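Computed from the coordinates by the stated procedures, all read-outs in this text should not be read as laboratory data. Bear in mind that the values here come from a model prediction, so they are computed numbers and not experimental data. FYI the Cβ positions are ideal-geometry reconstructions off the backbone, even for glycines, and counts take in every protein chain you see.
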Amino acid sequence: MEPEESMAVSDFLIKGNLLKQGAEARVYRDTFLGKSTIIKERFPKKYRHPLLDEKLTHRRTVQEVRSIQRCRKAGIPTPVVHFVDYTSHCIFLEDIVDSVTVRDHIVSTQQRPHPGPTLEHLAPLAAKVGQIIAKMHDEDVVHGDLTTSNMLLRTSGYVVGDAAELSLVLIDFGLSYISALPEDKGVDLYVLEKAFLSTHPNTEALFQKLLKSYAASSKKSSAVIKKLDEVRLRGRKRSMVG
Amino acid sequence: MTVVIGFEGSANKIGIGIIRDGVVLSNPRRTYITPPGQGFLPSETARHHRAVILTVLQEALEQAALTPADIDCVAYTKGPGMGAPLVTVALVARTVAQLWGRPLVGVNHCIGHVEMGRLITRAHNPTVLYVSGGNTQVIAYSERRYRIFGETIDIAVGNCLDRFARVIKISNDPSPGYNIEQMAKRGRQYVELPYTVKGMDVSFSGILSYIEEAANKMLASAQCTAEDLCFSLQETLFSMLVEITERAMAHCGSQEVLIVGGVGCNLRLQEMMGVMCEERGAKLFATDERFCIDNGAMIAQAGWEMFRSGQTTALPDSWITQRSEFTSAGLLLSGSTS
């Protein structure tokens, strides 16, 4: 990377619109090569040792790009990577327009009055999420940070409850890695389970739907689900002192 | 005015504290200290607690200048923790409650830490990092329940530190964590260690295996000093803790952090958390070793909240549990929000 180009990246960030500051990156929206683009900048974290910070930031940028490419090759919907700058740790990603996070979608669906139980309206979505994660795991991609905030639902042409039209996009692969171990995939599901249930109270049945669909879609699901059961029993749930 | 006495003995500390409407009247404590290279075993820890508990009880009453007649309620740690020490302390609590004719209330140990932290720091609605020898959790209060957003998927951070201390024979007096903290101040070289964050969860067992395997070899070949290892271990573990706390804050939109639990009195952890909070425009609350480390007053405080909201524990229900009742579905403590 030439220094001039690196400077150009920071220019981009200055004139781009800061969308949000997450826990580990700032996210901007701008136009890049004529397209609406999301720029994800991993900025230095001052609380951690500079050597550790550089190592983590670099590794996560690399991992994110690598996993996105691998998913895309396998036909799993993720944003297109337009450009990467490893000096300033910026990734230029396709802007998924007309989309909401699955989190916001679930919350708004739960709040809206419906005829019949809410679960029925969300069940096709849960099944779709299970399917996509199964496909991703079959490619040996472990996401590392599965939450309903890290899944986008395209809203154009989508009618609540219509499974055929559901279009999901997975994002935020910073903690991802490649692994074929059922253990790693089991922990991936465990992380999702906890994030899901703590973010969306009283959705245990919905999450079961998701797992069922995962089990049905993945070729290697039985070992993963077995590990998931094991992981649930670890840590504080096994014994807890202090 | 409501006066509550709290009995805590879920691990190697035995503490009895008395609280009158948010004021700590007394809070004496004893610690069972094992030789370097050794941890504490349940039966021996229980024996230690049995030997000192009545002395500590007398101290608590004397320091508070109260008699049993002044006590309104007896709180004790119901769990989670080590079975034998919990049984010992619960037995004494049950006995005095019957002798004095006062109601009992069983308290969740984790809630004790959180409630004490809130009382001391006046934090309003914080994201709580609870870190000790047995627990590592990021807790936030939402929809009328304490919910766990992130936690360790294997061993606790304090357990990782304690077991590392045993590997290189660091003293357990006053605590292994304190001695690691002091040695880390003299560490210069950063040794790369595994770093494992999974979403809002962390894993420490890999780091421990790695350092257990490598530590003595590295020390023998003079690649680094014991101080460097202490320094590097703290930097790595605490970075992981700050990272998951920040993730939980971003997730919940919270602007306050409260650190509780024994590891919470580590000043380097507090410093790192402070830097993170500053960058986010958030506020950090932390306490010192009197209230971070297991103590009786925290059980009294959570007991006070429960007693005031009408919750007591009937004698047949006054059992203990080694496990946590805390699930993703949350734990209800009514009357605890202000």
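Fully extended, how many nm does the chain gain between B:Leu41 and B:Thr67 (0.36 nm per residue separation, minus their Cα-Cα distance)? Stretched out fully, the B:Leu41 to B:Thr67 stretch lengthens by 5.9 nm.
With Cα atoms defining each centre, region B:1-18 and region B:21-63 are spaced 10 Å apart in the structure. A simple charge model with +1 on the Cβ of Lys and Arg, -1 on the Cβ of Asp and Glu and nothing else charged puts the dipole of region B:125-288 at about 140 debye relative to its Cα centre. Let me know the shape class of region A:173-226, please: from the alpha-carbon gyration tensor, a ≥ b ≥ c as square roots of the eigenvalues, rounded when a/c is under 1.5, otherwise prolate if a/b is greater than b/c, or oblate. Since a/c reaches 1.5 but b/c is at least a/b, the shape of region A:173-226 is classed as oblate. Please report the base-10 log of the normalised intensity I(q)/I(0) for chain A, using a Debye sum with one equal scatterer per alpha carbon and no solvent, at each q in 0.14 (1/Å). With no solvent term, the Cα-only Debye profile gives -1.00. Between B:His124, B:His48, B:His113, the residue with the greatest mean-square fluctuation in the GNM of chain B (Cα pairs under 10 Å linked by springs) is B:His124.
When chain A is treated as a Gaussian network with alpha carbon springs shorter than 10 Å, the biggest mean-square fluctuation among A:Thr87, A:Thr57, A:Thr101 belongs to A:Thr87. Here the scattering of region B:171-229 is modelled by Debye summation over its C-alpha atoms, one equal scatterer each and no solvent; at q = 0.17, 0.18 Å⁻¹ the log10 of I(q)/I(0) is -0.69, -0.77.
Classification of region B:1-130 by its C-alpha gyration tensor yields an oblate form. The axis ratio a/c (a ≥ b ≥ c) is 1.5 or more, and b/c is at least a/b. Between the alpha-carbon centres of region B:125-187 and region B:250-294 there is a gap of 12 Å.
Given the C-alpha centroids of region A:109-150 and region A:27-81, what is the distance between them in whole angstrom? The two parts, judged by their Cα centres, are 23 Å apart. Ellipsoid semi-axes for chain B, based on the Cα gyration tensor and the rule √(5λ), read 34, 24, 16 Å when sorted largest first. For chain A, the longest principal axis of the Cα atoms and the long axis of helix A:221-232 meet at an angle of about 90 degrees. About its Cα centre, chain B has a charge dipole of approximately 440 debye under the convention of +1 per Lys or Arg Cβ and -1 per Asp or Glu Cβ, with nothing else charged.
Dipole of the protein assembly as shown computed with +1 at Lys/Arg Cβ and -1 at Asp/Glu Cβ about the Cα centre; of B:Val260, B:Gln322, B:Ala286, farthest Cα towards the positive end is B:Gln322. Within region B:153-189, the trypsin sites (Lys or Arg not before Pro) that combine a DSSP coil assignment with at most 16 other C-beta atoms in a 10 angstrom radius are B:Lys169, B:Lys185, B:Arg186, B:Arg188. Give me log10 I(q)/I(0) at q = 0.09 Å⁻¹ for region B:125-288, Debye formula, one equal scatterer per alpha-carbon, no solvent. For region B:125-288, the Cα-only Debye profile gives -0.28. Computed extension length for A:Val80-A:Thr101: 5.8 nm, one decimal, from 0.36 nm per residue of separation with the Cα-Cα distance subtracted. Angle, helix A:204-217 long axis vs. longest principal axis of chain A, Cα atoms, 0 to 90°, nearest 10? Result, in degrees: 80. When chain A is treated as a GNM with alpha-carbon contacts under 10 Å, the residue of A:Arg103, A:Arg48, A:Arg70 showing the greatest mean-square fluctuation is A:Arg48. Over the protein assembly as shown, dividing the summed -39,500 (n - 2.57) contributions of all DSSP H runs of at least 4 residues by the number of residues returns a 222 nm mean residue ellipticity of -14500 deg cm²/dmol.
Size estimate for region A:52-167 follows the Kirkwood approach: the inverse of mean 1/r over distinct Cα pairs works out to 16.0 Å. Unpaired Cys in chain B, meaning no second Cys C-beta under 4.7 Å: B:Cys73, B:Cys110, B:Cys160, B:Cys224, B:Cys230, B:Cys252, B:Cys277.
Taking trypsin sites (Lys or Arg not before Pro) across region B:87-155, the ones in a DSSP loop with at most 10 further Cβ atoms lying within 10 angstrom of their Cβ are B:Arg122. Computed on chain B, with alpha-carbon pairs under 8 angstrom and 6+ residues apart, the relative contact order is 27 percent.
Positive end of the dipole of chain A (Cβ unit charges, origin at the Cα centre): among A:Leu211, A:Ser36, A:Cys90, the Cα lying farthest that way belongs to A:Leu211. Simple rule: put +1 on each Lys or Arg Cβ and -1 on each Asp or Glu Cβ in region B:125-288, find the dipole, and look at B:Tyr195, B:Met276, B:His251; the Cα lying farthest toward the positive end is B:His251.
Helix A:182-199 and the longest principal axis of the Cα set of chain A meet at an angle near 80°.
Give, as a single signed number, the net charge of other residues whose beta carbon lies under 12 Å from the beta carbon of B:Cys277, with Lys and Arg counted +1 and Asp and Glu -1. Neighbour charge sum, excluding B:Cys277 itself: -2.
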